[in-house]
Amino acid sequence: MLVEDPRAALARLAAERGVSLTRLSRLIGRNAAYVHQHVTRGSPRRLDEQDRETIAAFLGVDEALLGGRAAPAMAVARYDLSASAGPGTLAEIEAPRRAAMLPAEMLAGLGVRADDASMIRVAGESMVPTLWPGDDILVDAARTDVARSGGVYVLRLGDVLMVKRVAREAGGVRVTSDNPEAESPGLVAPADLSIIGRVVWVSRRL
């Protein structure tokens, strides 16, 4: 497996995002030629840890690509089924097909245990603009209690696995779509649904 040189990776990532090396230099409070010299001349040979962290965050990449140490990762179950954000199809939770590797630090920051986490892909447009078709959502199975303030949850209503906004209110549980043009299940008796877990993070392909 070929590993890209961190300086080459930085030049490529900046070019792909239309960001000049001069702008990155200014981002980290250095002289205008600082990042260019690092990339083309190897001076400095390695970016300062804080500079690397700032640039990686700005570019939206793992620090490891820029020469930092790879963050410890944890395996999270990934399911080959979709949580409907639209009309829905019959679906049941199956055994995970493959694992998704997520940074342990990220899971800790979200307050999610790897054993309680799962990744499920969204289908349909009823949760637009919050969730879009093809989004991969991180679901925390330890968070099944629905408060009055509500949140976005994966649930099973009848035979349909879906992702909706859910809130408790007098008389039951209100299940709604964020897309005003989409239908919503409305007020549902708690006994008629099963909360799989709360959506705590989303991965979106650009």
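The values are calculated or read from the model by the stated rules, or taken from the named source; none is laboratory data. Predicted model, so just to flag it, every value in this text is computed and none were measured. With ideal geometry, Cβ positions are generated from the backbone for all residues, glycine too; neighbour counts draw on all protein chains shown. Only protein heavy atoms, including side chains, enter the accessible area calculation; ligands, DNA and RNA are left aside. Shrake-Rupley method; radii C 1.70, N 1.55, O 1.52, S 1.80 Å.
Odds and ends about this structure:
- Criterion: among the polar types (S, T, N, Q) and either crowded, with 17+ Cβ neighbours inside 10 Å or over 14 Å from the mean Cα position of the chain (by Cα) (or both) - qualifying residue of 184, 203: 184
- If the condition is being surrounded by 15 or more Cβ atoms within 10 Å (Cβ to Cβ) and touching a residue at least 60 places away in the same chain (Cβ under 8 Å), then the stretch 157-177 contributes 160, 161, 162, 163, 164, 177.
- Taken over the stretch 123-156, the criterion of being among the hydrophobic types (A, V, I, L, M, F, W, C), modelled with pLDDT of 90 or more and out of contact with any helix residue (DSSP H, G or I) (no Cβ under 7 Å at 6 or more places or on another chain) is satisfied by 127, 128, 131, 132, 137, 138, 139, 146, 152, 154, 155.
- Scanning the stretch 133-145 for residues that are under 17 Å from residue 111 (Cβ atoms) and open to solvent by 10 Å² or more (accessible area, probe 1.4 Å) returns 141, 142, 143, 144, 145.
- Those helices (runs of 4 or more DSSP H) lying entirely in the stretch 15-68 with at least 1 residues open to solvent by 50 Å² or more (accessible area, probe 1.4 Å) and under 22 Å from residue 103 (Cβ atoms): 49-59
- Yes/no for residue 49 being modelled with pLDDT under 90 and either farther than 25 Å from residue 121 by Cβ or polar (S, T, N, Q) (or both): no
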